[in-house]
Amino acid sequence: MNVAQTIDRLRQDPEFCRNLTAWQTLPERLARFAPFPDALDPRLADALRKRGMEQLYTHQRQSIEASLAGKNVCVVTPTASGKTLCYNLPVLNRILENPKARALYLFPTKALSQDQVHELKTTIEEMGVKIGTYTFDGDTPATARKAVRMAGHIVVTNPDMLHSGILPHHTIWIRLFENLNYIVIDELHHYRGVFGSHLANVLRRLKRICQFYGSNPQFICCSATIENPQEMAERVIEAPVTLVNDNGAPAGEKHFLFYNPPVVNAELGIRKSVVNEASRIAAQFLSKNIQSIVFTRSRLRVELLTTYLKDAVARMGKSRDLVQGYRGGYLPTERRAIEQGLRKGEIMTVVSTNALELGIDIGALDVCIMTGYAGSVASTWQQAGRAGRRNTVSIVIMVASSAPLDQYIIGHPEYFFDQPPESATVDPNNLIILTSHLKCAAFEIPFIEGESFGLDAASTEEILNYLAENRVLRKTRNKWHWSADTYPASGISLRTAAPGNVVILDTTDGGRVIGEVDFFAAPVEVYQNAIYIHQSRQYTIDNLDLEDRKAYARPVETDYYTDAEMKVDLKVIDELEQKPFAAVKKNWGELSVTWLPTIYKKIKFGTHENVGWGEIHLPENTMHTTGYWIEFAHDVGDAFAMGKDELGDALNALANALRQVSPVQVLCDPTDIRAQAMLRAPHSELPTVFLYETYPGGVGLAEKLYHHHHRLLEAAIALLSGCGCKYGCPSCVGPALEVGLHSKGGALRLAHLALHGDATQALTVVAHP
């Protein structure tokens, strides 16, 4: 049975249709073609024809022509629209013209790098020419690194490796930097917030080194659909960009369904398990041999769904290998084998975290099932793009969980379908980030008077003099030289992740590595007595050695899995600045965020009932960061005639609203800032709303929020007053189910009080009807 027939069957299934809140049909889109550009080398055109490509899509032609004309380009088209050719063809064309020419490809993950090298090598082999294409990352053996430096026409790497492994050692990469013609940045939308701000500064250093060696490379950027791709690209590369966003690639008819599991307890509003419902729906497609992908938001859910679907396929009398999980923590060889299995059609269903959201080639899938809302409009469309890659009919089903955000989206389909994808923001001139990279740049090449780095020359000189006063740099005549003993790039992480992973070893098989988990996740995933699931195989953890970064496991068979509970504490260490006005005080300072896994629950497979628990004995993890917070007078609830519960709801709602507007005010990504409300904060015993940075040590966002207090509150008031919902929605304070029915009005009053310090004025405020 094919997809179209299955869709007809679903339409005629009253039980299934009863739980749908939306069935949107996106019509088929026909391809628009254009011939190869005249400037394209005939060998390249012949290689494409051998692969069955007689012409290009219109957006490919437009992008390639702009690149060949010497312009910087940003290509923004959906998944599977052939963006790869938009950069591979100009790059290969230039190298065929000039064999000394070089190109640098940047991808956010190692998996993507490997995938693209495979694609490139296929085209190069068809031409029968020698063009060296190599990945250069942490997995590249020391013996191969010299060959990459000397013979690599195209070097494929990631921003982290460029930052710490290439730029500081530019003197042994002279051949690359002297001849660098193109820099390709794929998945540009991935570089938002602090990570994107770091990337922009890494590119400043890269361009400075290129200038030193006499090259002036062009940029080709590719992005999934975001609201501001041109602005984003121009901020990251700091140069004008030609936007190519008129997609000429075909797309088959796509059906997008919103499915809300049936209610099993109306009084408590409890619905059937999202995992069980997604598993049941996926099994229907599996039984009809329709290839599908199931997205879910956590590693544990990947393993649960993989286990349930492997059991389901075994009951059908088919091989359990038809179903595979895919997530971070699997070994690279396992992930490559799964990707290949999907391309060859040997795997019928893959269950994945958002690891497969990025453009890794996994072939043509017909069905995408989302276990819960992906968290943003952009991510949801990115996941939906994984189905229908063959220009045939496809279906996307989003199965909602009981979480308030999921229930809001599923209950208001128009909110999702009428909403543009989110904007991406970066702030390359964030003082802390810029100064960090200024130190790296000085280590690479001394600064000369009058030279600018992002900022104007006078501001750059001011920072250089500050570093010289603190003996980080040394000024000699008209130059600033690196003078410290340390190597600056090694102390600067572009991402929040702790260096290194915890490896999981099977003690019954000679200590064989079966998987890995990042350092911060280890205490809640591989604690002693945890059940670790890997491709539906169960292991119990006998010991977690965080110091040695090893977890020791042995295979077991149980009828339950484990889930840890986390306790998070926020403490004020130091108030660096404060300003009281009337009944309110604004502050910013240093905070300590402590998280500690306390107990784990044993949860039965299938029914998901709690069948036991155990204690977790691990040291607490602490992150020191910076935060901004607003303290209200202890009697603020009385002033607004709010009880404790109502005040608590209003504080939570205000925290959510401030978190919504703060990224725009300080140019960061929503994930760079967290919000927490406390009815009685331990340090002051006052009602308080905190916004704190998710980066250890902070990167200056909290101080900016403090100084933009009035602008921030005005933006929050405009958001709350202008939002058309009655009681709350994900765009303002959060769904009413989560924050309470009267929280929106309470949040608006608190926001006015925080802005003006006047309770009388705030009392007159009523939420937008």
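The values are calculated or read from the model by the stated rules, or taken from the named source; none is laboratory data. Bear in mind that the values here come from a model prediction, so they are computed numbers and not experimental data. Note that we place each Cβ from the backbone using ideal geometry, even for glycine, and neighbour counts take in every protein chain shown. To get the accessible areas, we keep the full protein, side chains included, count just its heavy atoms, and leave off ligands, DNA and RNA. Shrake-Rupley method; radii C 1.70, N 1.55, O 1.52, S 1.80 Å.
So the values come out like this:
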{"quantity": "Members of region 468-490 that are open to solvent by 80 Å² or more (accessible area, probe 1.4 Å), assigned to a loop (DSSP other than H, G, I, E, B) and not β-branched (Val, Ile, Thr)", "calculated": "Asn470, Arg471, Arg477, Asp485"}
{"quantity": "Pairs with Cβ under 7 Å, 6+ apart, first in region 160-178 and under 17 Å from Ala441 (Cβ atoms) and at pLDDT 95 or above, second open to solvent by 30 Å² or more (accessible area, probe 1.4 Å) and of a type outside the set (Gly, Ala, Ser)", "calculated": "Pro168/Phe443; Pro168/Tyr487; Trp173/Arg149; Phe177/Tyr213"}
{"quantity": "In region 575-599, the residues that are among the hydrophobic types (A, V, I, L, M, F, W, C), open to solvent by less than 10 Å² (accessible area, probe 1.4 Å) and under 17 Å from Thr625 (Cα atoms)", "calculated": "Leu591, Val593"}
{"quantity": "Residues that are under 20 Å from Gly606 (Cα atoms) and either of a type in the set (Val, Ile, Thr) or in contact with a strand residue (DSSP E or B) (Cβ under 7 Å, 6 or more places away or on another chain) (or both), drawn from region 309-359", "calculated": "Leu309, Lys310, Val313, Val323, Gln324, Gly325, Thr349, Val350, Val351, Ser352"}
{"quantity": "Top-ranked residue in region 373-389 [being in a helix (DSSP H, G or I) and hydroxyl-bearing (Ser, Thr, Tyr); ranked as most open to solvent (accessible area, probe 1.4 Å)]", "calculated": "Ser379"}
{"quantity": "Residue check for Gly697: open to solvent by 20 Å² or more (accessible area, probe 1.4 Å) and part of a loop (DSSP other than H, G, I, E, B)", "calculated": "yes"}
{"quantity": "Answer from Lys130, Lys110 - the residue that is open to solvent by 50 Å² or more (accessible area, probe 1.4 Å) and within 22 Å of the chain's Cα centre (by Cα)", "calculated": "Lys110"}
{"quantity": "Positions within region 607-639 being surrounded by 20 or more Cβ atoms within 10 Å (Cβ to Cβ) and not hydroxyl-bearing (Ser, Thr, Tyr), in sequence order", "calculated": "Ile616, Gly627, Trp629, Ile630, Glu631, Phe632, Val636, Gly637"}
{"quantity": "Within region 140-242, strands (runs of 3 or more DSSP E) holding 1 or more residues that are in contact with a Pro (Cβ under 9 Å, 6 or more places away or on another chain) and either open to solvent by 10 Å² or more (accessible area, probe 1.4 Å) or of a type in the set (Val, Ile, Thr) (or both)", "calculated": "180-185, 218-223"}
{"quantity": "Scan of region 454-467 for residues that are of a type in the set (S, T, N, Q) and either crowded, with 18+ Cβ neighbours inside 10 Å or modelled with pLDDT under 90 (or both), ordered by number", "calculated": "Thr460"}
{"quantity": "Selected residue (only one of Gly698, Gly722 is at pLDDT below 90 and at positive phi)", "calculated": "Gly698"}
{"quantity": "Enumeration of residues in region 390-430 that are among the charged types (D, E, K, R) and either crowded, with 18+ Cβ neighbours inside 10 Å or not in a loop (DSSP other than H, G, I, E, B) (or both)", "calculated": "Asp406, Glu414, Glu422, Asp427"}
{"quantity": "Residues (assigned to a strand (DSSP E or B), free of Cβ contacts under 8 Å to residues at least 24 places away in the same chain and of a type in the set (S, T, N, Q)) located in region 605-643", "calculated": "Asn610"}
{"quantity": "Test result for Tyr308, open to solvent by less than 10 Å² (accessible area, probe 1.4 Å) and hydroxyl-bearing (Ser, Thr, Tyr)", "calculated": "no"}
{"quantity": "Residues (open to solvent by less than 40 Å² (accessible area, probe 1.4 Å) and either of a type in the set (Val, Ile, Thr) or assigned to a loop (DSSP other than H, G, I, E, B) (or both)) located in region 523-545", "calculated": "Val526, Tyr527, Ala530, Ile531, Ile533, Gln535, Ser536, Thr540, Ile541"}
{"quantity": "Condition broken by Arg102, with the remaining ones in (1) closer than 15 Å to Asp41 by Cα; (2) surrounded by 24 or more Cβ atoms within 10 Å (Cβ to Cβ); (3) in contact with a strand residue (DSSP E or B) (Cβ under 6 Å, 6 or more places away or on another chain) satisfied", "calculated": "(1)"}
{"quantity": "Region 288-298, residues that are more than 14 Å from Asp366 (Cα to Cα) and surrounded by fewer than 20 Cβ atoms within 10 Å (Cβ to Cβ)", "calculated": "Arg297, Ser298"}
{"quantity": "Candidate set from region 626-664 (those that are over 16 Å from Ala747 (Cα atoms) and within 21 Å of the chain's Cα centre (by Cα)); member that is modelled with the highest pLDDT", "calculated": "Pro663"}
{"quantity": "Residue pairs meeting the criteria (Cβ under 7 Å; at least 6 apart or on separate chains; first in contact (Cβ under 8 Å) with a residue 40 or more places away in the chain, in region 442-462; second crowded, with 17+ Cβ neighbours inside 10 Å and outside any helix (DSSP H, G or I))", "calculated": "Ala442/Leu473; Ala442/Trp480; Ala442/Trp482; Phe443/Trp482; Gly454/Pro428"}
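This table checks each residue for (1) at positive phi; (2) of a type in the set (Val, Ile, Thr); (3) more than 32 Å from the chain's Cα centre (by Cα).
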residue: Lys579; (1), (2), (3): no, no, yes
residue: Ala583; (1), (2), (3): no, no, yes
residue: Lys586; (1), (2), (3): no, no, no
residue: Leu591; (1), (2), (3): no, no, no
residue: Lys601; (1), (2), (3): no, no, no
residue: His608; (1), (2), (3): yes, no, no
residue: Val611; (1), (2), (3): no, yes, yes
residue: His617; (1), (2), (3): no, no, no
residue: Glu620; (1), (2), (3): no, no, no
